[in-house]
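**Student:** Dumping the structure here so I can ask a few things about it.
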Amino acid sequence: MNVLVIGGGGREHAIVKKINESKKVKKIYCVPGNGGISDIAECVDINVSDVDKLKRFALDNNIDLTVVGPEVPLMKGIVDEFENSGLRIFGPKRDAAAIEGSKYFTKLLLHKYNIPTARFKAFDRYDAALNFLKDIWYPVVIKADGLAQGKGVFLADNFKDAKESLDILMKEKRFGSSGDTVIIEEMLFGKEVSVLAFTDGNTIVPMVSAMDYKRIYDGDKGPNTGGMGNIAPNPYFDDKMLDVVVKTILKPVIDSLKKERIVYKGVLYAGLILTKEGPKVLEFNARFGDPETQVVLPLLKTDLVDIIEAIIEEKLNTVKIEWEDKKAVCVVASSEGYPGEYMTGFDITGVEDVDGLCVYHAGTTKSNGKYKTSGGRVLEVTALGDTYDEARRKAYNELKKIHFDGIYFRNDIGIV
């Protein structure tokens, strides 16, 4: 079959690699792709938010299956448009993708169906939000309602910090209309865990759990990023806790959406926190996470295409999904200055010297046989081992063979 993967980051590189392992696949296209993806797929320069052009490409090139990586085309209704044209596509429809596209929608859903999450208030007027912040206990979390590339969440220990965050979202409009409505919620405390699950709207199959390292500096210091590394499975999350999450969060969310006449099919990403009262929801994403995908998919033994087709056909209960009994550690190499301003266009060397590991390209291009940096997060190295220490040593030993000007990575990924 001909497969189209939409997206151009490390997540999509991991998806393309896993799809390329399937005996069912004849050719893979990727829009827009990157330097690493171009080694195994034909990259096509189309904007991922141009749904009409993507649909025309799929129709013109006899695409049998499309897999959507990033959230933006999902929010724009790409699944609805493709299905209306008779195209097979993997991901939730626009109404289901609102679980990521609007935090207010999600909080209302969780509250209505008694699914555990933080207490909250929503505001669409700056003055009302500011007055509320004057009379509450701290610390609190302030979030943009809409998409903000993972950067629209602010932690505030006092009124001064809270006002600064509110100004960024509602006055400066740093994230555009995403900050028209803000969510102010209590801060929860505990270990965080990422649980991704396959679902066809009826059956839910969790993947291996992961632990994300969001902050830029060692010791979880500095500003939040899109993710500086991951490990899987999460060492603070066992099968007993997974059962609790499935029963109190994952299944109730899918069932509650169905009660709202919304069928959710695809990957449901649950960002959770393990509090003293039990696991609670921090956020949901409507797609594979990044860089969680780069640490979870290397552990998947079952053909990913088989899983995707079963979800589309609502037959997920017929597929036995198996995982490697290993630990995985993923370390992100970024450009100096990320998540702030950074320079691009530097030669990347040493990738070909990495031995037996998964190297995923995120922000790279390839020209005349040479890779160059083109983004903040440049690439990731994922290694497997019988222990976290073994996987960690492998990942760092091989990552140190790779070089580009301004390369930066955390040194504490996988220390548990």
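**Student:** Return the sequence-ordered ³J(HN,Hα) values of segment 206-219 in whole Hz as given by the Karplus equation 6.51 cos²θ - 1.76 cosθ + 1.60 applied to θ = phi - 60°, using x for Gly and Pro.
**Tutor:** With coefficients 6.51, -1.76 and 1.60, one gets x, 8, 5, 5, 9, 10, 9, 10, 7, 7, 6, 9, 3, x Hz.
**Student:** P(r) tail for the chain, what percent of Cα pairs lie past 36 Å?
**Tutor:** 22
**Student:** Under the √(5λ) rule applied to the eigenvalues of the Cα gyration tensor, what semi-axes describe the equivalent ellipsoid of segment 251-306? Give them in Å, descending.
**Tutor:** Working: eigenvalues 103, 70, 19 Å².
Square roots of five times the eigenvalues give 23, 19, 10 Å.
**Student:** Hey, what do the phi angles of segment 32-44 turn into as Karplus ³J(HN,Hα) couplings, whole Hz, using 6.51/-1.76/1.60 and θ = phi - 60°, x for Gly and Pro?
**Tutor:** Running phi through 6.51 cos²θ - 1.76 cosθ + 1.60 with θ = phi - 60° gives x, x, 7, x, x, 4, 5, 6, 10, 9, 8, 8, 10 Hz.
**Student:** Just need the relative contact order of the chain here, percent rounded to a whole number, with Cα pairs under 8 Å and 6+ apart.
**Tutor:** That works out to 16 percent.
**Student:** Okay, moving on. At a 10 angstrom cut-off on C-beta neighbours, averaged per residue, how do the peptides 134-141, 150-157 rank from highest to lowest?
**Tutor:** 150-157, 134-141
**Student:** Taking a 18 Å limit on the Cα-Cα distance, which of the listed pairs 265/315; 103/134; 151/173 fall beyond it?
**Tutor:** Too far apart for the 18 Å limit: 103/134.
**Student:** List the lysines whose alpha-carbon lies under 18 Å from that of residue 55, not counting same-chain residues fewer than 8 positions away?
**Tutor:** Once the sequence-local lysines are set aside, what remains near residue 55 is 27, 76, 93.
**Student:** Which residue, chosen from 193, 85, 118, occupies the Cα position most advanced towards the positive end of the dipole of the chain, where the dipole is computed from +1 (Lys, Arg) and -1 (Asp, Glu) charges on Cβ about the Cα centre?
**Tutor:** Selected residue: 118.
**Student:** Ranked highest first by average number of other Cβ atoms within 10 Å, how do 202-215, 239-252 line up?
**Tutor:** Values: 202-215: 20.4, 239-252: 15.9.
Taking the mean over residues of other Cβ atoms within 10 Å, the ranking is 202-215, 239-252.
**Student:** Report the net charge of residues surrounding residue 57, where surrounding means a beta-carbon distance below 12 angstrom and charges are Lys +1, Arg +1, Asp -1, Glu -1.
**Tutor:** Details: positive: 53, 55, 56; negative: 42, 45, 50, 52, 60.
Every neighbour counted, the sum reads -2.
**Student:** Taking the simple approach of a point 7 Å from Cα along Cα-to-Cβ for both residue 416 and residue 367, what is their distance in nm?
**Tutor:** Once both label points are built, they end up 4.2 nm from each other.
**Student:** Another question, then. Any idea which of 351, 230, 146 is furthest toward the positive side of the dipole for the chain, if Lys and Arg beta-carbons carry +1 and Asp and Glu beta-carbons -1?
**Tutor:** Among 351, 230, 146, the one farthest towards the positive end of the dipole of the chain is 146.
**Student:** Further question: Assigning unit charges at the beta carbon (Lys, Arg +1; Asp, Glu -1) and nothing else, what dipole magnitude in debye, to the nearest 20, does segment 368-416 show about its Cα centre?
**Tutor:** Numbers: 9 positive and 7 negative charges, 55 e Å.
So the dipole magnitude of segment 368-416 works out to roughly 260 debye.
**Student:** Nearest 0.05, what FRET efficiency do residue 349 and residue 128 give at R0 = 56 Å with Cβ-Cβ as r?
**Tutor:** 0.55
**Student:** Under a point spin-label approximation (7 Å from Cα along Cα-to-Cβ), what is the residue 61-residue 164 distance to one decimal in nm?
**Tutor:** Spacing of the two 7 Å Cα→Cβ label points: 4.6 nm.
**Student:** Label residue 259 and residue 244 with points 7 Å out from Cα along Cα→Cβ: what is the distance between them in nm?
**Tutor:** Label-label distance for residue 259 and residue 244, simple model: 2.3 nm.
Read-outs throughout are calculated quantities, based only on the coordinates presented, and are distinct from any laboratory measurement. Predicted model, so just to flag it, every value in this text is computed and none were measured. Cβ coordinates were reconstructed from backbone atoms using ideal geometry, including for glycine residues, and neighbour counts include every protein chain displayed.
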